[in-house]
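Before any comments, here is the structure.
The values are calculated or read from the model by the stated rules, or taken from the named source; none is laboratory data. From a predicted model like this one, the values you see are computed outputs, not experimental measurements. Side chains included, ligands, DNA and RNA excluded: accessible areas come from the protein's heavy atoms. Shrake-Rupley method; radii C 1.70, N 1.55, O 1.52, S 1.80 Å.
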Amino acid sequence: SPCRAGTAPKELQPWLVGLTAVVVFLFIVFVLLLVNRLWNIRMRRWDGDTSRARGSAGSGRARGREQGAA
């Protein structure tokens with residue numbers, strides 16, 4: 001046990017800290033993109049149900065692109 005006293009997180013190699021930060025950042029970006037895609041699919045379905053009655057089923061996708069660009 002005394003040998004393990006020095007193995008604390010403060011002794012991580014700098015490149016390992018950087019690699020961990022990059023991996024965590026990419027994971028967060030991946031999760032945000034996944035949530036965004038699921039949200040857009042949900043909104044497109046909901047918008048599609050209301051726009052079919054008006055006969056403009058394709059307008060939801062174009063409107064989503066315009067909002068994304070703004």
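Among the listed residues G6, G18, which satisfies the condition of being modelled with pLDDT under 90 and open to solvent by less than 70 Å² (accessible area, probe 1.4 Å)? I'd like the intermediate steps shown before the answer.
On the way: G18 fails: modelled with pLDDT under 90.
Matching residue, one of G6, G18: G6.
With respect to R54, determine if the residue is modelled with pLDDT of 55 or more and in a loop (DSSP other than H, G, I, E, B).
When the stated conditions are applied, R54 passes them.
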